1. Taking the alpha-carbon distance from LYS180 and a cut-off under 27 Å, which lysines remain once sequence neighbours fewer than 8 residues away in the same chain are dropped?
2. Taking the 0 to 90 degree range and rounding to the nearest ten, how far is the long axis of helix 258-268 tilted relative to the main principal axis of the chain, both from C-alpha atoms?
3. To the nearest 20 debye, what is the magnitude of the charge dipole of the chain about its Cα centre, counting +1 on the Cβ of each Lys and Arg and -1 on the Cβ of each Asp and Glu?
4. Assigning unit charges at the beta carbon (Lys, Arg +1; Asp, Glu -1) and nothing else, what dipole magnitude in debye, to the nearest 20, does segment 4-154 show about its Cα centre?
5. If you fit an axis through the alpha-carbon atoms of helix 204-213 and take the longest principal axis of the Cα set of the chain, what angle between them do you get, 0 to 90°, nearest 10?
6. Whose amide H sits under 5 Å from the amide H of LEU175, counting only residues 5 or more places off or on another chain, with H placed in the peptide plane?
7. Can you sort LYS180, LYS254 so the residue with the fewest Cβ neighbours within 10 Å comes first?
8. Can you sort GLU44, GLU136, GLU93 by how many other beta carbons sit within 10 Å, fewest first?
Amino acid sequence: MKTRLQKSIGENIEPNCFPQTAQLLLNSTRFIVLQQSYRLLEIEFYYYSDQHPDPFTHCDPLQKTSDRWYFHRDGGSYRGGSFKGLDISFGPENTFGGILIRTIAADDGTIINGCSLCVDHLLAQTQFQNIAALDEAINERSIWDKSSPLHLEHLSDTEPTPRKLIMTPRVGLTLKRMSKNCEMPRYIMRPYRFLTEPAIKKGKVYNILALYNQGNSIDDIKKITNSPLHIIKKYVDAFHHGQSLKNFDSYQGKFLTNTELCSLYGTVHPRTHGEHLPN
């Protein structure tokens with residue numbers, strides 16, 4: 001019999017089901033690397049369909065499967081350097097879906113933060129020299145297959161104190177290619193990132209923005225994220241500045257600083273989910 005998580009990944013692939021699936025992955029699941037157990041602390045969802053053409057989804061053929069490990073590829077070759085990443089695939093039929101693992105924590109409290117660093121850690125723990133060798137050892141097995149070097153275990157009950165989820169935009173996305181894909185502004189700030197540790201360093205700017213937009217005070221955000229007060233105020237000011245902008249011209253074609261990200265969040269929000277985006 002399938003567990004709730006197995007059903008969620010295999011069947012509930014619509015974006016409105018992302019929070020439910022994230023809750024199960026972050027609070028009711030163990031990530032097993034050989035015999036070592038980890039918790040998932042931070043994940044991101046990528047999903048592409050005719051009705052939801054998210055341009056930031058890789059759309060690799062493996063993302064049209066469910067319950068498989070997908071190491072990020074480009075043109076059939078495994079990505080290297082800071083572009084490495086590992087997804088849980090969830091894209092049956094004519095859709096593409098991947099849940100990116102961004103941060104994990106070992107039982108001894110060690111935190112591995114960053115999708116490429118997570119892959120590096122998996123290689124070190126399994127003692128495979130490269131991604132190709134590890135992927136070959138996995139041999140297309142399900143994420144639930146306990147004979148695989150990597151697998152997930154669904155706990156029978158949630159942990160005694162389920163950790164609160166924070167929903168934010170995904171990390172590292174830009175509008176560099178907006179001229180080639182007009183859908184980018186509509187999806188760049190969707191709240192498809194989920195984490196349980198708001199003090200995680202990478203992507204903290206998104207945590208601050210999401211907490212502020214959810215009604216938290218600046219002082220509360222400081223306590224939750226351990227961020228300096230002057231940085232939070234700077235980000236909030238940039239957010240409000242972005243709300244006054246009428247288009248995305250100033251963000252197009254470049255990497256964005258944290259301040260520019262805050263401004264972009266203001267320009268997009270709250271119109272991301274509606275039909276009234278700036279031209």
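1. Those lysines meeting the cut-off are LYS64, LYS84, LYS246, LYS254.
2. Approximately 80 degrees, to the nearest 10.
3. With only Lys, Arg, Asp and Glu charged at Cβ, the dipole is about 700 debye.
4. On the way: 12 positive and 19 negative charges, 47 e Å.
So the dipole magnitude of segment 4-154 works out to roughly 220 debye.
5. 60 degrees
6. Excluding prolines and chain starts, which carry no amide H, the hits are GLY253, LYS254.
7. Numbers: LYS180 8, LYS254 11.
Starting with the residue having the fewest Cβ neighbours, the order is LYS180, LYS254.
8. With the fewest neighbours first, GLU44, GLU136, GLU93 line up as GLU93, GLU136, GLU44.
Read-outs: derived from the displayed coordinates by stated rules, not from any lab. Bear in mind the structure is a predicted one, so any value in this text is a computation, not a measurement. Neighbour counts run over all protein chains shown; Cβ positions are idealised from the backbone, glycine included.
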